[in-house]
Ligand SMILES: Cc1cc2nc3c(=O)[nH]c(=O)nc-3n(C[C@H](O)[C@H](O)[C@H](O)COP(=O)(O)OP(=O)(O)OC[C@H]3O[C@@H](n4cnc5c(N)ncnc54)[C@H](O)[C@@H]3O)c2cc1C
């Protein structure tokens, strides 16, 4: 979609060459083309957030796309990484902008996947680390943000992207608290393909809207994405490793059930 170096330069407020200005115009046109086609087909576009040092142009572009295409409902979604301590305030700011300019805010909420990289760069370059001081602070803001979106659902479309069992459960409680049906078209849960199926399947089975993210693309671009997922799956603090325990428990249960059936067959 866009060269990383170009986005970095724009974020830093550096002067662009004529060629770079033209390249940025092409980036915006490409994104617009995708959003226009999505609108025609009535499918959502979720624009990811990555490193904070390329975020400004991503914010500008996504905000413009939301203002243009989210007139009736949230079709284009902006990603809020709740591990950044400024993010809850940013969510409220964009909500105010949406109200003022008469568009629906598409809020994709995640915790954020670049924590170590962010801390390293901040230290290296001598600026304040944008990441929250603890996992608990990230959890608190993630859950506060999901409640905020549900509370103001008339203006917002929510996509809660998380593998955290408690956060997903809390979203179901907030739906109940604010009197919304489980399948309200403005509220979506999302997990990555091959991860946390126990959350996705149980939510879908109970009537909630659930989306599985399926990664695709050229190997070179897909490998870093898969590496981040592999790291998360081995992280002790993450909940993903719990899934393996659940799978092992289920395999053991089936083995025992099979034995039990075999025993009953004799009679
Ligand atoms: C559908 C979907 C879409 C996604 N899209 C994006 C995206 O666009 N951009 C992006 O960056 N990520 C994205 N992610 C990844 C996401 O940001 C998380 O890295 C991942 O989901 C793990 O967090 P969790 O909510 O599942 O729960 P948990 O496993 O409970 O939380 C782990 C997360 O908590 C945070 N954390 C851990 N330790 C600390 C600490 N010491 N201090 C502060 N915070 C801490 C980190 O963000 C870490 O990733 C997406 C995830 C999903 C499910």
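Every number in this text was worked out from the coordinates using simple rules, so none of it is lab data. Just so you know, these numbers come straight off a predicted model, no measurement behind them. In this analysis, Cβ positions are derived from the backbone assuming ideal geometry, glycine residues included, and neighbour counts consider all displayed protein chains.
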Exercise. Pulled fully out, how much extra length does the chain show between residue 120 and residue 197, if you take 0.36 nm times their separation in residues and subtract their Cα-Cα distance?
Worked result: 24.5 nm
For this session: Using only the C-alpha atoms of region 42-236, find the volume of their convex hull and express it per residue in Å³.
Result: 133 Å³
Problem set entry | Label point distance in nm, residue 41-residue 28, each placed 7 Å from Cα along Cα→Cβ | 2.5 nm
For this session: Work out the FRET efficiency for residue 258 and residue 129 from their Cβ-Cβ distance, taking R0 = 51 Å, and round it to the nearest 0.05.
Result: 0.45
Problem set entry | Relative contact order %, the chain, counting alpha carbon pairs below 8 Å whose residues are six or more apart | 12 percent
Problem set entry | Cβ-derived FRET efficiency at R0 25 Å, residue 99 paired with residue 12, nearest 0.05 | 0.25
For this session: Have a look at 152, 114, 127 and tell me which one the Gaussian network model of the chain (Cα, springs below 10 Å) gives the largest fluctuation.
Result: 127
Problem set entry | the chain - mean residue ellipticity at 222 nm from DSSP helices (-39,500 (n - 2.57) per run, n ≥ 4, rounded to 500) | -19000 deg cm²/dmol
Problem set entry | Modelled label reach - residue 184, point 7 Å along Cα→Cβ, region 193-233 residues with backbone N closer than 19 Å | 203-211
Seminar exercise, completed: Over region 1-78, the quotient of the Cα radius of gyration and 2.2 N^0.38 Å is 1.13
For this session: With label points built 7 Å along Cα→Cβ from the Cα atoms of residue 85 and residue 1, find their separation and express it in nm.
Result: 2.9 nm
Exercise. Which angle between 0 and 90 degrees, to the nearest 10, do you get for helix 219-234 versus the longest principal axis of the chain when only C-alpha atoms count?
Worked result: 50 degrees
For this session: In a Gaussian network model over the chain where Cα atoms closer than 10 Å are linked, find which of 58, 187, 21 has the largest mean-square fluctuation.
Result: 21
Problem set entry | Taking 104, 121, 185 and counting other C-beta atoms within 10 Å, the order from fewest to most | 185, 121, 104
For this session: Have a look at 162, 86, 17 and tell me which one the Gaussian network model of the chain (Cα, springs below 10 Å) gives the largest fluctuation.
Result: 17
Problem set entry | Anisotropy class of region 1-137 from Cα gyration tensor, a/c 1.5 cut | oblate
